[in-house]
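The values are calculated or read from the model by the stated rules, or taken from the named source; none is laboratory data. Worth saying up front: this structure is predicted, and the values here are computed from it rather than measured. Here Cβ is always computed from backbone atoms with ideal geometry, including for glycine, and neighbour counts include all displayed protein chains.
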Amino acid sequence: MNFLAQILWVPRMDTFSFPIIEGNSEIKQLEPKTAMISQSTAKKYFGNESAIGKIISHNYAENYKVVGVFKDIPENSHMKIDFLFAWQEVTSQSDGGDNENWRWDGFYTYLLLTPDADLAALKSKFPAFVEKYIAGEENNNINSAFSLQPLTSIHLNSNLLAEVDANNELKIVYTLLTIAIFVMLIAWINFINLSISRSLERSKEVGVRKVIGSGRSQLIKQFLTESLVMNLLAFSLSCIFLYLLAPYVSSFIGGQSALSIFSNPRFILGTALAIIIGSALAGLYPAFITSSIKPILALKGNHSIQSKGSFLSLKHSLVVFQFVISIALIAASTVVYRQLSLMKNSSLGIDIESTIVVNTQATFGPPGSDSVFTRRLSTFRDKLSANQKIKGITASYDIPGKEHLSLMPNFRHSKNQEELVTLYFTRMDYDFIPTFDVELIAGRNFIQGLDNQYSIILNKEAVQVLGFENPEDAIGQEVNWGNRTLAKAEVVGVVDFRAVSYKEANYPIGYTSTFFPYKYVSVKFDKINGTNAKEQVELIQAAWNSVFPDKPFEFFFLDDFFNSQYQADQKFGLLLGAFTLLALVVAGLGLYGITLLTVTQRIKEVGLRKIMGASVSQIIVLLSRQFVFLVVIAGVFSIPIIKFSMEKWLENYPYRIGINWWIYLLPIALILAITCLTVGFQIIKASMINPSKLLRYE
């Protein structure tokens, strides 16, 4: 039976705690030619039958007996394992390996330390260990070293070559968390401002309560309780929304259900603290302001509290703070969108559209060991080439968008043979360049029957690393690499296309037509024929199954695969946009409430000015002036914040946009427009009322 899955070779079973649900639960080490599989894998391939004793095979593991079934690994693990194979024979079967080759880095090493282990003492022993086993085997321009990395820090803190799985970045998590906190602050600021403004309306209630014996402490408790109840109601509503949106959120972020967060003690503690602290911050100042009103003045309806400078200063400062956050978020969303557009829309130098890639599952053994596979692969290509719907077929060891792992650290510099440089080394066949419409900026393509291991094509970055002045100077030159045995090849061509996304610097790569197995076959369809995707896949699958009936058919669309490199950035951009929209809505609601109360409190003034002949536009300018001034102040404060934070974020990208002047002004203008519209709407609505009624308004 064919399968594609995540596979792990293990020397011991007691390093990790794999819960065994079938088989020997006390097993410490897998015997040679035995394997364990996950619960879902056993169900998938053996149904309701027991998997124990069944025989399974893999490219590097033929006829292994299943001796146990372990519980599925949780989704939040950085290792998604389906199969565990015994270690003993892997070094003789995989990648032509050698059990005594200390420079073979094709495996992950996990150490299970005792609780009282001294990490500093352990690290201090690594240099001597390297000196004992690796000294003399190292390349001249690369050093080997061992370092410790906590398992729990890998997913968010590690970005090494050949990670087990794609990791995320802790700084993105912290960035989104910070934005979420700012959005909550905006909401709390709204509550504070509206509570202070409404305190003028509740002054008589406070006066009555004080007259009948309520003390200030009792009033403060009342207002703090109201704040706590409001926060609890908001939290309850947010839980309902999360429950309703959980399937979509889980699908968006991947991994476990979004509701699993409620089982996290740190989340529960953090939420409880946020509610308590938020309630105190949002309710404490309004409570002190309201409870300080003198009963006699309150019962008389004296609103002299409005003139207190401290109240106005705080109210205006909080509004400015809201505007600063909103302006900064709008600018950040604009920058992220433009950066993503730059990366996705910049020329790749290679045509990856209408291309389906087939994973050949080729093994990497000793030279000549794949001769049977090579003949079958040639037959597969011949079958597809006969179809007129297909524009081109090419085979390669790597493909655009895939992390290249074959580093050759001992190429000789063109001008100084004693200086060693590092290039990535990979393989492509004679049809790669014409199939993908790759532009040769110098030299020629490989010629079948003429070029072999003594011919090499470099990309533009490799030409620079090797010290050539320009691509033309590299043509016909000999490049050398190796340590004990020196290899050489003539540069026959130079290409310029993206091997990876614009998120990182392009690899300096040397391409050969020999050495490596062809792990991928890329089939490009003629766009003019308009063959739909399903027909394309079925056509390739039929040819594959006829030639490789013993191998699973695994395929993907190259453009989707390449663009998946931007997936994390796109999700970040979408979340940032969502937070920005939420912040604008919350700030807008707060602005609406404040302007409504402002106009209500100045309703008599509006009536008098109308009677005196003031136009609606004059009243709008008068009452909106202070809000416009606050937006301008917020804009001034936001500019250095935008500049620092966005330049810092853009440093992560070698190819990045510039922050133009309009990026600073656009969000300020947008907030200004929203403010004017909000204030204008309230004033126009008030202006529609008969002035005589406005003067009677209480």
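Observations, loosely collected:
- Check on L630, out of contact with any strand residue (DSSP E or B) (no Cβ under 7 Å at 6 or more places or on another chain), in a helix (DSSP H, G or I) and buried (at least 16 other Cβ atoms within 10 Å of the Cβ): yes
- Some residue of the stretch 675-683 being outside the structural domain of N506 (by TED's automatic domain parsing), assigned to a loop (DSSP other than H, G, I, E, B) and modelled with pLDDT under 80: no
- Listing of strands (runs of 3 or more DSSP E) fully contained in the stretch 468-524 that carry 3 or more residues being surrounded by fewer than 21 Cβ atoms within 10 Å (Cβ to Cβ) and assigned by TED's automatic domain parsing to the domain that holds Y397: 487-495
- Filter result for K571 (surrounded by fewer than 17 Cβ atoms within 10 Å (Cβ to Cβ) and over 26 Å from the mean Cα position of the chain (by Cα)): no
- Check on N690, of a type outside the set (A, V, I, L, M, F, W, C), over 25 Å from the mean Cα position of the chain (by Cα), over 22 Å from V324 (Cβ atoms) and modelled with pLDDT under 90: yes
- Close pairs (7 angstrom Cβ cut-off, 6 or more residues apart or separate chains): basic (K, R) in the stretch 599-624, buried (at least 17 other Cβ atoms within 10 Å of the Cβ) anywhere: R602/L623; K604/L694; R609/I619; K610/S687
- Verdict on I327 being under 28 Å from D437 (Cβ atoms) and at pLDDT 90 or above: no
- Qualifying helices (runs of 4 or more DSSP H) (wholly inside the stretch 89-181; at least 1 residues being at pLDDT below 85 and surrounded by 13 or more Cβ atoms within 10 Å (Cβ to Cβ)): 90-93, 126-133, 154-157
- Some residue of the stretch 610-618 being at pLDDT below 85 and on the phi > 0 side of the Ramachandran plot: yes
- Residue pairs meeting the criteria (Cβ under 9 Å; at least 6 apart or on separate chains; first touching a residue at least 24 places away in the same chain (Cβ under 8 Å) and over 25 Å from S153 (Cα atoms), in the stretch 62-80; second among the hydroxyl-bearing types (S, T, Y) and crowded, with 22+ Cβ neighbours inside 10 Å): V69/S38; V69/T41
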